[in-house]
Structure formats: structure tokens, C-alpha cells
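The values are calculated or read from the model by the stated rules, or taken from the named source; none is laboratory data. Because the structure is a prediction, the values reported are computed rather than measured. Positions of Cβ are generated from backbone atoms using ideal geometry, with glycine treated the same way; all protein chains shown enter the neighbour counts.
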Amino acid sequence: MSANHDQIASAAEPEAGGARLELLGFDLAAAFHESPLGIVILDREGRWQEANPAWCEIVGRPRADLVGRHFNELTHGDDLAIGMEMLATLQGGARSVQAEKRYLDADGNVVHVSEYVTARRDDEGRIVRYVAHVRDTTARVRAEQELAESARLFRDVLENVDLAALNMDANGTITYCNPELCRLVGWSAEELLGRDWFEICVPRDNGEARALHGEGIATGRIERHHEGQILTRSGEQRTMRWSHTLVTSTSGRPIGTTSLGEDITEKVAAQRALAHRATHDPLTGLANRTLMDERLAQAVADATRPVAVILCDLDGFKHVNDRLGHAAGDEVLRAVAGRLRGICRAHDLVCRPAGDEFVIVLTGERGESARHLSGTCAHVAKRIEAAVRQPVVVDGSRAQVGVSVGFAAMVGPGRGAEHLLRTADRAMYRQKGTPSRVA
């Protein structure tokens with residue numbers, strides 16, 4: 001019984017093995033024909049013996065147009081050596097080899113592929129055929145080429161635009177800087193790349209810049225526009241108007257920033273100069289009537305601090321103009337302005353509202369009385385009288401003027417700034433011994 005069972009089992013094994021081989025052959029054939037990858041079988045010389053539908057679709061040719069032809073017949077002319085080097089590598093003993101290359105389809109269009117080739121050998125190790133698995137990479141390569149071209153065009157724009165361009169990674173390391181930025185800061189690109197932007201080109205006292213960069217990287221939200229200072233190689237500070245864009249990875253994680261900056265140093269200086277001219281006397285540099293009225297109104301409106309005005313009117317100034325000329329008169333006015341600045345406190349406002357008149361606006365401490373501030377004014381007035389009497393030498397001639405001083409102080413809006421000025425004006429003209437010119 002045992003012997004018969006063994007005979008039956010022995011007889012059944014070939015049948016089962018044949019079935020498995022038949023099934024395996026069916027599966028392999030299905031995989032060959034249905035694979036989304038191109039699959040081709042080549043003889044030892046590199047002629048196609050078989051090609052699946054995916055490969056026929058990749059090169060846009062029917063199977064009958066491929067079988068029997070050497071692969072280099074459809075290879076792009078610049079890539080002929082690649083295929084031959086792949087075969088030589090396999091013939092040298094390698095089992096497989098991979099490369100990127102190009103073919104031409106039926107219309108002559110370039111097809112980019114990634115090709116993986118294996119060598120099939122007999123029992124003695126001789127190559128009998130090659131099997132190649134081919135992936136169409138045309139779309140990817142073209143997208144990469146378009147992206148590279150776009151990047152090249154963008155880089156060309158940045159290299160020639162009159163704006164500073166800067167790329168930084170998440171840590172503030174410089175990864176790109178254009179010629180305009182290098183010109184502004186006085187460093188070459190080679191000296192800047194790989195350096196910390198905030199250490200080399202941002203003033204030491206501006207720690208906020210690094211904090212804002214770090215916050216933008218951490219939160220994914222960045223302040224798109226801002227003005228700030230940069231530090232040049234020579235130590236000069238320049239004002240920049242920046243526009244920032246957050247750079248993210250393919251997963252959306254912030255990895256750095258791209259910034260475009262306009263140097264607005266001269267523009268800001270011009271705006272400040274214009275604003276200064278609108279509120280300051282061009283001859284002496286003192287505040288003019290516009291700024292005086294503005295600051296005095298603000299001071300009077302503050303009910304917590306006293307405010308005072310000291311009015312000064314030069315005596316004998318017309319005689320200087322008549323004797324030495326208006327240029328000498330201007331020198332006297334400038335000299336008096338400088339002396340008044342030297343006497344007054346830093347936060348006091350020294351003004352020249354008109355002609356040979358000067359006004360000083362003083363604010364007291366919070367809770368200080370008007371009487372106490374009046375005492376300060378009396379002390380300042382004596383110093384003014386002594387300082388102004390000192391002669392001014394103009395082109396070798398001595399010009400000397402006197403000054404009449406009047407002051408008044410108050411706390412809170414009261415009757416307003418005009419009342420304060422009229423009170424001080426009356427005090428000044430009492431000193432002169434003549435009627436006040438203010439109604």
C-alpha cells in the first residue's frame with residue numbers, strides 16, 4: 001500500500017509542477033503585457049526581440065516597427081554612447097545597470113526615460129539576452145527644465161534689478177545675495193554666502209530683526225513689508241524698505257525667506273529735511289511759529305504739568321543792521337540762537353517765530369506748580385540777558401545787542417496758549433518801558 005502511494009505521489013508531482021509552471025507563465029505573460037512600465041527583451045547585440053504595449057506607447061510605434069531593430073536606431077543622437085556603455089558594463093560582469101537617456105518617437109519628438117537593464121546568462125555565465133524595464137520620465141524632466149528655466153530667468157532679473165535681493169535659511173544664514181545687495185553693504189557674494197545675515201549686516205542694537213525672522217519661520221506667518229536699518233562694511237547705516245516672502249519645503253514647512261529691498265536712505269533724509277523746513281527757521285535752525293504753536297497747544301492741554309513761555313525781543317538789533325548790514329544781522333541772530341540753546345534744557349523748545357523775536361516753551365514736572373516753574377523762568381531770564389549782551393564779532397567788527405525778556409506760567413488749559421503768550425508779552429514790554437504790541 002505504501003509503495004503504491006509513493007508511485008501515485010511521484011506521478012502526481014510532475015503534473016503539479018507543470019501546472020505551476022503553466023500558471024507562472026500565464027502570470028508572467030500578463031505582467032509583461034499589462035505592466036505600466038515599458039518592458040523590452042533584447043538579444044546580445046542589442047536588437048529588440050520583444051516589446052510590451054507600454055513601451056510601444058512610450059515611443060509611439062507599433063511592435064512590428066520595433067522588433068529586430070537595434071535600440072540605437074531610435075536613441076537620441078547625443079545619447080548613443082550611453083546605451084553602449086550600459087551593455088559594456090553588463091558584459092564586464094555586472095548583473096544590472098541603470099541610466100537616464102533619450103529616445104525619439106515616431107514623430108521625432110524627444111522621449112526621456114529612466115532605463116533599468118539586466119543581463120540573462122546561461123549556465124556558463126554567457127549573456128543570452130537583456131531585459132530592460134523603462135519608465136517614461138518626459139513629463140518630470142520637462143517640468144524640471146521649465147522650473148530650471150523659470151529659476152534662471154528669475155535669477156537673471158535679480159542679478160540686474162536695482163533692488164537688493166537676499167535669501168536666508170531658517171537660521172538666518174545667507175544662501176543668495178545679488179550684486180545690488182553686495183554693492184550696498186560693501187561685501188562680495190563670496191564673503192556673504194554662508195554667513196549669518198543678522199551678525200554681519202544688521203546693527204547690533206536691532207535684535208528685533210532676528211526675532212521677527214525666527215517667529216516667521218516658527219509660525220509660518222511673516223511680516224511682508226517693513227523698513228529697517230542695514231549695516232555696511234564701513235559701519236554706515238542705511239535705511240531699507242523690505243518685502244519678504246516665506247520659502248517652504250514641498251511639505252509646506254517654512255525653511256527660509258526671500259527678501260527684496262529698496263535703499264530709501266536718501267528718500268527718508270529728503271522727507272525729514274522737508275518736514276524740518278516746514279517746522280523750523282532756515283536761518284537759525286530753531287523751531288518756527290508753526291511748531292511753536294503745535295507744541296504749546298499740546299503742553300497747555302496737559303493738566304498734569306505746568307507750562308511756561310519766555311519771550312525775548314532784541315534791543316538795538318536795527319542799529320546793527322543799519323550799521324553793519326543784513327548779513328551781519330543774520331550772524332547776530334544765529335549767535336543769539338546758539339546761546340539760547342546752550343542755556344535751555346534739552347526738552348525745552350527754543351523758537352524764532354519772526355524777526356528779532358525768540359520764544360522758549362518750557363514744561364515742568366508732573367505735579368509741579370506754575371509758581372515753581374515761574375521761578376525757573378526768572379533764573380533762565382537772567383542768564384539770557386547776560387548771554388545776549390555779549391558782543392558778536394562779525395568780519396572784525398563788534399556787534400552788540402541787548403534783550404528784553406518776559407515770561408508767564410500756567411497749569412492746565414485755563415484761558416489757552418494765546419492768553420499765556422499775551423501775559424508774557426505784556427511782562428516783556430513792561431521791562432522795555434513801552435506799551436505792549438499784543439492786544
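In this structure, is residue 111 assigned by TED's automatic domain parsing to the domain that holds residue 201, free of Cβ contacts under 8 Å to residues at least 60 places away in the same chain, buried (at least 19 other Cβ atoms within 10 Å of the Cβ) and touching a Ser or Thr at 6+ places or on another chain (Cβ under 7 Å)? No: the conditions fail for residue 111. For the range 216-257, the set of residues classified as touching a Phe, Trp or Tyr at 6+ places or on another chain (Cβ under 8 Å) and under 17 Å from residue 174 (Cα atoms) consists of 233 only. Of the strands (runs of 3 or more DSSP E) lying entirely inside the range 180-276, those containing at least 1 residues that are under 30 Å from residue 351 (Cβ atoms) are 237-248. For the range 303-327, the set of residues classified as more than 21 Å from residue 286 (Cα to Cα) and part of a strand (DSSP E or B) consists of 306 only. Within the range 72-127, the set of residues being under 45 Å from the mean Cα position of the chain (by Cα) and among the polar types (S, T, N, Q) comprises 98, 109, 114. Going through (1) at pLDDT 90 or above; (2) in a loop (DSSP other than H, G, I, E, B) one by one, residue 120 falls short only on (2). In the range 366-378, the residue that is surrounded by the most Cβ atoms within 10 Å (Cβ to Cβ) out of those that are part of a loop (DSSP other than H, G, I, E, B) and of a type outside the set (Ser, Thr, Tyr) is 368. When 386, 335 are checked against the criterion of being buried (at least 18 other Cβ atoms within 10 Å of the Cβ), of a type in the set (A, V, I, L, M, F, W, C), out of contact with any Gly (no Cβ under 6 Å at 6 or more places or on another chain) and in a helix (DSSP H, G or I), a single residue qualifies: 335. Quick check, is residue 352 basic (Lys, Arg), part of a strand (DSSP E or B) and farther than 14 Å from residue 400 by Cα? Yes: the conditions hold for residue 352. Mind listing just one residue for me: the one in the range 37-64 that is among the acidic types (Asp, Glu) and outside any strand (DSSP E or B) and, of those, farthest from residue 121 (Cα to Cα)? Applying the filter and picking the extreme gives 57. Within the range 295-317, residues that are buried (at least 22 other Cβ atoms within 10 Å of the Cβ) have Cβ atoms under 8 Å from residues that are charged (D, E, K, R) in these pairs: 306/368; 311/357; 311/425; 312/357, counting only partners at least 6 apart in sequence or on another chain. Criterion first (loosely packed, with under 12 Cβ neighbours inside 10 Å and among the basic types (Lys, Arg)) does residue 135 satisfy it? Criteria not met by residue 135.
No other residue among 226, 213, 276 is surrounded by 11 or more Cβ atoms within 10 Å (Cβ to Cβ), closer than 30 Å to residue 359 by Cα and not aliphatic (A, V, I, L, M) apart from 276. As a summary of the residue check, residue 324 satisfies the conditions (1) at pLDDT below 95; (2) out of contact with any strand residue (DSSP E or B) (no Cβ under 7 Å at 6 or more places or on another chain) except for the one numbered (2). Just one of the listed residues (202, 141, 161) is exposed (fewer than 15 other Cβ atoms within 10 Å of the Cβ) and of a type in the set (Val, Ile, Thr), namely 161. How about the range 167-186: which of its residues are in contact with a helix residue (DSSP H, G or I) (Cβ under 7 Å, 6 or more places away or on another chain) and either under 20 Å from residue 235 (Cα atoms) or exposed (fewer than 14 other Cβ atoms within 10 Å of the Cβ) (or both)? Correct list: 174, 177, 179, 182. When you look at residue 381, is it of a type in the set (A, V, I, L, M, F, W, C), in contact with a helix residue (DSSP H, G or I) (Cβ under 6 Å, 6 or more places away or on another chain) and surrounded by 12 or more Cβ atoms within 10 Å (Cβ to Cβ), yes or no? Spelling it out, it is not the case that residue 381 is of a type in the set (A, V, I, L, M, F, W, C), in contact with a helix residue (DSSP H, G or I) (Cβ under 6 Å, 6 or more places away or on another chain) and surrounded by 12 or more Cβ atoms within 10 Å (Cβ to Cβ).
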